[in-house]
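The values are calculated or read from the model by the stated rules, or taken from the named source; none is laboratory data. The model shown is predicted, which means the values in this text are computed figures rather than measured ones. Cβ placement follows ideal geometry from the backbone for every residue including glycine, while neighbour counts extend to all protein chains displayed.
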Amino acid sequence: MMISTRGRYALRVMIDLAERQSDGLIPMKEIAADQGISLKYLEQIIPVLSKNGLVEGVQGKGGGYRLPRGPKEIKVGEILRLTEGDLAPVACLECGAAVCERVAECRTFTMWKNFHEMTNRYFDGITLADLMRPQESNGIEAK
């Protein structure tokens with residue numbers, strides 16, 4: 001499984017909004033400039049986050065985006081599943097996939113299933129609040 005630019009950028013946007021919660025609404029242009037992401041690309045990412053309740057947007061003069069919940073309540077797994085789709089490592093584990101005809105004799109199914117569950121547990125165990133701290137003190141250990 002490889003996390004795409006879209007997923008990585010969405011995390012950067014969310015961390016930026018989390019770190020600037022006290023600033024009120026942050027214009028998309030400002031987020032793009034701060035994060036070094038093209039406005040055009042950001043215009044594809046933010047609506048997905050907004051439509052799914054991870055960011056709140058206000059249009060017009062003085063408008064912008066903010067988090068509707070605290071950073072401790074937003075899990076990295078939520079963000080990645082929205083931007084990356086299912087985090088399944090193989091097609092047979094994707095949400096809504098038909099049951100594979102070979103599952104009964106598949107030697108690797110359990111391995112992939114366990115990896116999928118471990119990946120989701122890992123990302124669901126990290127919040128935006130964890131990522132707001134400097135890397136050395138964020139409690140996320142390299143393994």
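I'd like to know if the range 27-39 contains one or more residues that are in contact with a strand residue (DSSP E or B) (Cβ under 7 Å, 6 or more places away or on another chain), part of a loop (DSSP other than H, G, I, E, B) and either polar (S, T, N, Q) or farther than 19 Å from S4 by Cβ (or both). Yes, some residue in the range 27-39 is in contact with a strand residue (DSSP E or B) (Cβ under 7 Å, 6 or more places away or on another chain), part of a loop (DSSP other than H, G, I, E, B) and either polar (S, T, N, Q) or farther than 19 Å from S4 by Cβ (or both). Selection of the range 75-92 for residues being closer than 12 Å to G7 by Cβ, touching a helix residue (DSSP H, G or I) at 6+ places or on another chain (Cβ under 7 Å) and of a type in the set (G, A, S) yields only G77.
Tell me, please, whether a residue that is within 16 Å of the chain's Cα centre (by Cα), within 29 Å of R133 (Cβ to Cβ) and free of Cβ contacts under 8 Å to residues at least 24 places away in the same chain can be found in the range 21-38. No - not one qualifying residue is present in the range 21-38. Candidates G62, G57, G96: the one that is in a strand (DSSP E or B) and either modelled with pLDDT under 90 or of a type in the set (G, A, S) (or both) is G57.
From the list K51, K72, K61, the lone residue that is surrounded by fewer than 13 Cβ atoms within 10 Å (Cβ to Cβ) and in contact with a Ser or Thr (Cβ under 6 Å, 6 or more places away or on another chain) is K72.
Candidates are the residues of the range 77-101 that are of a type outside the set (A, V, I, L, M) and over 28 Å from Y41 (Cα atoms); the one that is surrounded by the most Cβ atoms within 10 Å (Cβ to Cβ) is C92. Pairs under 8 Å by beta carbon, first residue closer than 22 Å to F123 by Cβ in the range 60-74, partner surrounded by 13 or more Cβ atoms within 10 Å (Cβ to Cβ) and among the acidic types (D, E), six or more apart or different chains? From residues that are closer than 22 Å to F123 by Cβ, the pairs are L67/E56; P68/E56. With respect to (1) in contact with a Lys or Arg (Cβ under 6 Å, 6 or more places away or on another chain); (2) more than 19 Å from R121 (Cα to Cα); (3) touching a residue at least 24 places away in the same chain (Cβ under 8 Å), the lone exception for T83 is condition (2). Take the conditions (1) at pLDDT 95 or above; (2) in contact with a strand residue (DSSP E or B) (Cβ under 8 Å, 6 or more places away or on another chain); G24 misses just one of them, which is (1). Just one of (1) more than 27 Å from P47 (Cα to Cα); (2) modelled with pLDDT of 90 or more; (3) assigned to a loop (DSSP other than H, G, I, E, B); (4) not β-branched (V, I, T) fails for A104. It is (2).
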